[in-house]
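Just below is one structure, and these are the notes that go with it.
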Amino acid sequence: MEEYYFSQCLKRVLRFDADNHVDIRNPNLFASDYVVVDYDGSFYPTDEARMLSRIGRIDLNIGHVSTGIDWAKVGVLNSGASNHFDPDCIHCVYQPFCGTDVIDDISRYGRIDVLRRDTWFCGRHLALFDKVFEVLYRRDEPTRASLAAWLGIAAWSGDMAPIHS
């Protein structure tokens, strides 16, 4: 059995091309390769943004099929869509594997300039990546079988994650 999000984080650590999951993509630029089109023709940067607008929390509409994308709004959102220069992220061992979630920050804190280390997103991903590395170095057969299944490979051997003394 696969735990989907954990396996996405695992793949992100082990494969340079594993950036299809937008929560851990970096940079995660909005309206660059995906956009959500609502039933009324409104554009949203993510489904979560659409839902926040739908419940009346904040209007994160970035355009409409009849008028196009409002690139100024997208630019504001994209200002927080990378961890490359974030003062918290640049010192984090997991920075190469992690991303940012501006929409989650807006949902939880009402803004995008919250210190990264103080966000739910950061805390969750620190714990997830800690677990990824802990699992990578386990030596038991059930864990090795799970790793192989999650990664789509025939087998996971201990040589793939050597322990240096």
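The values are calculated or read from the model by the stated rules, or taken from the named source; none is laboratory data. All values derive from a computational prediction rather than experimental measurement. Backbone-built Cβ (ideal geometry, glycine too); neighbour counts: all protein chains shown.
Contact map, region 1-25: first residue over 18 Å from F133 (Cβ atoms), second residue of a type in the set (D, E), Cβ cut-off under 8 Å, separation 6 or more or different chains; pairs are D23/D101; R25/D19. Scanning region 131-161 for residues being under 24 Å from C98 (Cβ atoms) and exposed (fewer than 10 other Cβ atoms within 10 Å of the Cβ) gives a total of 1.
Within region 30-71, which residues are modelled with pLDDT of 95 or more and surrounded by fewer than 15 Cβ atoms within 10 Å (Cβ to Cβ)? Within region 30-71, V37, Y39, D40, G41, V65, S66, T67, G68, W71 meet the criteria.
Of all residues in region 91-112, those satisfying the criterion of being out of contact with any Lys or Arg (no Cβ under 8 Å at 6 or more places or on another chain), part of a helix (DSSP H, G or I) and under 30 Å from D159 (Cα atoms) are H91, Q95, P96. In region 113-130, which residues are part of a helix (DSSP H, G or I) and surrounded by 14 or more Cβ atoms within 10 Å (Cβ to Cβ)? Of everything in region 113-130, those that are part of a helix (DSSP H, G or I) and surrounded by 14 or more Cβ atoms within 10 Å (Cβ to Cβ) turn out to be R116, R117, W120, F121, C122, R124, H125, L126, L128, F129. Return yes when D86 is part of a helix (DSSP H, G or I), closer than 17 Å to L29 by Cα, among the acidic types (D, E) and touching a helix residue (DSSP H, G or I) at 6+ places or on another chain (Cβ under 9 Å) and no when it is not. Answer is no for this residue. For region 1-60, the candidate set comprises residues that are touching a Gly at 6+ places or on another chain (Cβ under 8 Å) and among the β-branched types (V, I, T); within that set, the residue that is nearest to K73 (Cα to Cα) is I58.
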